[in-house]
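Heads up, the thing below is written out as structure tokens.
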Amino acid sequence: MADRHASSLHLAFSVPTLAGGGAERVVVTLANAFAEAGHNVDLLLTSRCGPYSESVSPQVSVVNFECGHTWHTVPALVQTLRQRQPDVLVSALFGATVAAYGATTWMRTRGESVPRLCATVHAPRPRTRNQGGRARLQAHAAHMILRRVETVVAVSRTLARSLATHVGRDRERIEVIYNPIDIDAVQSGMEALPHDWLEDHVPVVVSAGRLHPQKDYRTLLRAVARLHDRNRRVRAIILGEGPERKRLDELSRRLGISPDTAFPGFVENPYAFMAQADVFALPSPVEAFGNVVVEALACGTPVVATDSSGGPVEILRTDGATYGSFVPPQDPVAMADALAAMLSRPVDQCRLQRRARDFGVSKAVNRYYDLFEQTACGAS
């Protein structure tokens with residue numbers, strides 16, 4: 001999967017949990033790939049919970065702080081950094097970055113040797129449970145830290161521009177490295193599913209992600225209802241868990257499409273659904289990258305996405321070539337039109353799969369290795 005590198009590094013990846021989000025999956029993929037390439041890799045967790053915990057390679061050393069909140073890990077993180085002495089500390093998600101910055105700053109003020117900090121940013125704003133005072137405090141702290149930290153990596157050019165504007169860090173000081181997608185693993189999971197919906201002749205639209213208002217699955221459901229109103233029957237399968245699930249189920253009943261809508265929850269192998277779908281839909285108004293878009297392409301499934309969603313546009317449109325269809329955000333009529341058009345045209349699966357290969361693991365790992373090697377040379 002990953003190339004062997006000229007010199008070995010000691011890397012520590014810090015992420016709150018291994019919940020079923022895109023950032024967590026990227027951290028596990030990078031940790032496994034660097035360990036496979038011969039590097040010494042630690043994975044530092046606030047709590048070892050979540051479905052990706054079973055995906056961590058035995059070559060990766062896992063440190064579980066068992067703390068209630070990421071910010072409470074600072075004392076344990078300081079102790080771990082003293083003991084393990086990594087060359088580079090890589091944080092993912094804003095809470096982990098705040099804790100990592102706090103720990104390394106405290107150690108530096110005491111004259112201790114600290115690893116260089118590399119903050120990877122996967123979203124334009126912190127992921128919080130509420131939008132009250134704590135959310136504003138966390139956003140303020142994260143933005144202050146991202147202005148000061150040694151190295152910042154954004155997962156798309158769109159996100160890098162957003163960070164430069166809203167955080168105040170020079171755009172030239174933000175690296176852009178696309179998320180690594182294990183294309184071979186995706187394609188090995190393209191098995192046939194014994195699901196009635198995937199065996200008859202009614203077209204199936206699949207989407208996948210956290211069931212959260214930010215993902216705007218309501219627009220997708222309304223688009224499916226529009227198609228039904230036009231006597232164009234389609235079925236929708238939306239994979240994932242989240243706080244919006246009950247409301248989405250209720251909306252599908254109000255729209256009269258409940259018999260043709262399924263919410264299977266989190267599934268270990270979403271690629272089997274993607275591979276057998278007729279179209280993959282991404283209704284999110286904003287996506288920093290969009291791992292699921294690359295995964296759908298790797299399955300040879302055409303994609304309809306919003307044209308303001310950042311990363312997906314970079315994935316689906318490059319050098320004058322287009323690999324999917326785009327619609328305005330929060331526009332169920334346009335989404336319905338795009339789905340109908342996509343269902344009516346032939347699909348060049350090989351072309352879509354070739355595009356997916358541009359986002360393979362080895363490319364991202366080699367980019368990160370070059371960056372980490374440069375970063376480690378400046379370790380204090």
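Taken together, the values in this text are just the output of simple stated rules run on the coordinates, not laboratory data. Note that the coordinates shown come from a computational prediction; the quantities given were computed from them, not determined experimentally. Heads up, the Cβs are rebuilt from the backbone with ideal geometry, glycines too, and the neighbour counts pull from every protein chain shown.
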**Prompt:** Between Asp229 and Ala321, what FRET efficiency follows from the Cβ-Cβ distance if R0 is 35 Å, with the result rounded to 0.05?
**Reply:** 0.55
**Request:** Compute the long axis of helix 133-148 from its Cα atoms, compare it with the longest principal axis of the Cα atoms of the chain, and write down the angle in degrees, 0 to 90, nearest 10.
**Result:** 60
**Message:** Suppose only helical runs count, i.e. DSSP H with n ≥ 4. What mean residue ellipticity at 222 nm does that imply for the chain under -39500 (n - 2.57) per run, divided by all residues and rounded to the nearest 500 deg cm²/dmol?
**Reply:** -12500 deg cm²/dmol
**Request:** Could you grab the relative contact order for region 184-359? Cα pairs under 8 Å, six or more apart, rounded to a whole percent.
**Result:** 24
**Asked** Between Thr165 and Ser57, what length in nm is gained on full extension when 0.36 nm per residue of separation is reduced by their alpha carbon distance?
**Response** 35.1 nm
**Asked** Only one of the listed values, (1) 77, 57, 44; (2) 95, 66, 37; (3) 71, 46, 38, was derived from the coordinates as Cα extents along the principal axes in Å; which label is it?
**Response** (3)
**Asked** With each pseudo-label sitting 7 Å past Cα toward Cβ, what's the Arg84-His69 distance in nm, one decimal?
**Response** 2.4
**Loop sites in region 181-281: trypsin sites (Lys or Arg not before Pro), DSSP, at most 16 other Cβ within 10 Å** = Arg230, Arg232, Arg233
**Prompt:** Dipole magnitude of region 233-380 about its Cα centre, charges +1 at Lys/Arg Cβ and -1 at Asp/Glu Cβ only, in debye to the nearest 20?
**Reply:** 320
**Request:** With an 8 Å cut-off on Cα pairs and a minimum separation of 6 or more residues, tell me the relative contact order of the chain in percent.
**Result:** 16
**Complete:** Two pseudo-spin positions, 7 Å from Cα along C-beta at Asp307 and at Glu268, lie apart in nanometres by 4.2
**Asked** Can you list the trypsin sites (Lys or Arg not before Pro) in region 38-123 that are in a DSSP coil and have 13 or fewer other beta carbons within 10 angstrom?
**Response** Arg110
**Request:** Using a 10 Å cut-off on Cβ atoms, rank the peptides 189-198, 97-106 from the highest mean neighbour count down.
**Result:** 97-106, 189-198
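Order the peptides 271-279, 287-295, 171-179 from the highest to the lowest mean number of other Cβ atoms within 10 Å of their residues. Intermediate results must be reported in sequence, preceding the final value.
Values: 271-279: 22.9, 287-295: 26.4, 171-179: 17.2.
Ranking, from highest mean packing down: 287-295, 271-279, 171-179.
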